[in-house]
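S.K.: Have a look at this one before I ask anything.
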Amino acid sequence: MNTSAKLKGIHRISLPTPFPIGPVNVYLVEGESLTLVDAGPKTDEAWESLKTQLRERGYSPSDIEQVVLTHHHIDHVGLLDYLREHGNFRLIGHPRNRPWILQDESFYRRWYRYMEELFHSGGVAESLIGPNIELHKLLQQFNCRTDLDGEIAEGDEVPGMPGWRVKETKGHAQSHISLYREADGLMIGGDHLIAHVSSNALIEPPYPGEDERAKPLLQYRQSLRSCLDMDLALVLAGHGKEISHAHSLIRERLAQQDKRALTLRDFLSEGEALTCFELCKRLFPSKYLEQLPLAMSETLGHLDLLEEWGAVKKEEKGGVFRYRLGD
Ligand SMILES: [Zn+2]
């Protein structure tokens with residue numbers, strides 16, 4: 001089946017965001033229900049752009065019958081608040097979206113405390129911790145405050161979209177799912193795979209009932225590998241262009257991660273035990289200050305990978321962890 005036949009009834013709508021990643025793609029799917037996959041950030045610019053692009057296809061926001069979320073990040077969900085004001089739709093997603101899109105107060109309090117501890121135990125200078133948490137709080141202005149009306153998880157059929165199933169693709173976010181149509185290998189992949197940049201495996205706090213955080217890079221690699229077993233003819237991504245070479249892109253991403261982990265191992269080969277922050281500064285010398293939570297997530301993720309390989313061990317002193325090469 002050629003690409004245009006595959007994409008019949010599926011429209012990419014690109015919306016502006018105020019974030020470094022640039023525009024976000026949401027997808028209008030004319031299925032049994034008129035579905036929007038993801039919503040965009042909560043800005044007037046994104047809202048105007050969404051209305052215009054819906055109008056060009058003969059629709060208005062109130063025609064949307066359901067919104068399916070690929071994950072909870074603010075560039076994908078914020079605009080739900082505007083949509084709720086202008087229509088009556090069912091919001092469907094993985095249950096892990098809930099605390100984030102609700103901006104659940106106790107969850108957020110624990111998240112900020114966890115982030116603070118994570119930075120502290122990673123050796124981040126105290127003077128950098130407060131401002132980064134404040135920045136995170138400030139970004140919530142682009143988030144929504146709403147709840148799911150229905151939950152979907154691995155293997156479920158996507159309501160209102162016959163032929164589509166949920167494929168959990170954890171790693172970039174704990175709430176992350178992709179929508180997959182087996183008949184023709186089409187995937188709406190959210191931020192699982194992006195053609196022009198590598199997707200980050202972001203550290204999240206333990207969820208209610210859990211003692212430890214997930215290891216997102218290890219999860220992400222597993223999600224990527226499991227996609228190698230699937231026929232992926234075309235992946236519609238949350239940012240940038242559609243991906244027609246998903247398997248080779250996945251192999252490229254896995255190899256980049258291996259390489260980055262080996263770079264970290266080389267930093268440790270001089271023998272000195274180093275904190276995550278010291279390693280982060282070496283890995284991202286020009287970017288670490290500007291994007292500290294992202295850079296720390298990336299470094300910690302690759303340290304998780306080295307630990308998994310048995311290549312490093314970590315030691316704790318005064319609440320700060322240091323890594324050195326394994327025996
Ligand atoms: Zn995302």
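The values are calculated or read from the model by the stated rules, or taken from the named source; none is laboratory data. Everything quoted here is computed from the prediction, not taken from an experiment. We place every Cβ from the backbone using ideal geometry, glycine too, and count neighbours over all the protein chains shown. Surface accessibility is based on the protein's heavy atoms, side chains included, excluding ligands, DNA and RNA. Shrake-Rupley method; radii C 1.70, N 1.55, O 1.52, S 1.80 Å.
S.K.: Kindly indicate whether any position in region 181-190 is in contact with a helix residue (DSSP H, G or I) (Cβ under 6 Å, 6 or more places away or on another chain), within 14 Å of the ligand (Cβ to nearest atom), assigned to a loop (DSSP other than H, G, I, E, B) and in contact (Cβ under 8 Å) with a residue 60 or more places away in the chain.
M.R.: no
S.K.: Can you name the residue in region 222-233 that is surrounded by 15 or more Cβ atoms within 10 Å (Cβ to Cβ) and closer than 12 Å to Leu249 by Cβ and, of all such residues, is farthest from the chain's Cα centre (by Cα)? Outline the logic, then answer.
M.R.: To start, the set of residues in region 222-233 that are surrounded by 15 or more Cβ atoms within 10 Å (Cβ to Cβ) comprises 223-224, 227, 230, 232-233.
Among the residues that remain, those that are also closer than 12 Å to Leu249 by Cβ are: 224, 227, 232.
Values: Leu224: 13, Cys227: 16, Leu232: 20 Å.
Of everything passing the filter in region 222-233, Leu232 is farthest from the chain's Cα centre (by Cα).
S.K.: Now for a different question. From the list Glu168, Glu154, exactly one residue is of a type in the set (D, E, K, R), in contact (Cβ under 8 Å) with a residue 12 or more places away in the chain, touching an Asp or Glu at 6+ places or on another chain (Cβ under 8 Å) and within 16 Å of the ligand (Cβ to nearest atom). Which is it?
M.R.: Working: Glu154 fails: within 16 Å of the ligand (Cβ to nearest atom).
None of the other options fit; the residue is Glu168.
S.K.: Tell me yes or no: at least one residue of region 172-180 is assigned to a loop (DSSP other than H, G, I, E, B), out of contact with any Phe, Trp or Tyr (no Cβ under 8 Å at 6 or more places or on another chain), among the hydrophobic types (A, V, I, L, M, F, W, C) and open to solvent by 60 Å² or more (accessible area, probe 1.4 Å). Explain how you work it out, then say what you get.
M.R.: Going residue by residue through region 172-180, those that are assigned to a loop (DSSP other than H, G, I, E, B) are 172-176.
From the residues that got through so far, the ones that are out of contact with any Phe, Trp or Tyr (no Cβ under 8 Å at 6 or more places or on another chain) too are 173, 176.
Then keep just the ones that are among the hydrophobic types (A, V, I, L, M, F, W, C); that gives 173.
Then keep just the ones that are open to solvent by 60 Å² or more (accessible area, probe 1.4 Å); that gives none.
Within region 172-180, none of the residues are assigned to a loop (DSSP other than H, G, I, E, B), out of contact with any Phe, Trp or Tyr (no Cβ under 8 Å at 6 or more places or on another chain), among the hydrophobic types (A, V, I, L, M, F, W, C) and open to solvent by 60 Å² or more (accessible area, probe 1.4 Å).
S.K.: Take the conditions free of Cβ contacts under 8 Å to residues at least 40 places away in the same chain and not assigned by TED's automatic domain parsing to the domain that holds Lys8 and apply them to Glu278. Does it pass? Break it down stepwise before answering.
M.R.: Details: free of Cβ contacts under 8 Å to residues at least 40 places away in the same chain: no; not assigned by TED's automatic domain parsing to the domain that holds Lys8: yes.
No, not satisfied.
Matching residues to (1) open to solvent by 40 Å² or more (accessible area, probe 1.4 Å); (2) of a type in the set (S, T, N, Q); (3) more than 16 Å from the ligand (Cβ to nearest atom); (4) within 17 Å of the chain's Cα centre (by Cα):
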position	(1), (2), (3), (4)
Glu45	yes, no, yes, no
Ser49	no, yes, yes, no
His73	no, no, no, yes
Val77	no, no, no, yes
Glu85	yes, no, yes, no
Phe89	no, no, yes, no
His94	no, no, no, yes
Trp100	no, no, no, yes
Glu105	yes, no, yes, no
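S.K.: Let me ask something additional. Among the listed residues Leu148, Leu118, which satisfies the condition of being more than 16 Å from the ligand (Cβ to nearest atom) and in contact with a helix residue (DSSP H, G or I) (Cβ under 7 Å, 6 or more places away or on another chain)?
M.R.: Details: Leu118 fails: in contact with a helix residue (DSSP H, G or I) (Cβ under 7 Å, 6 or more places away or on another chain).
The unique qualifying residue is Leu148.
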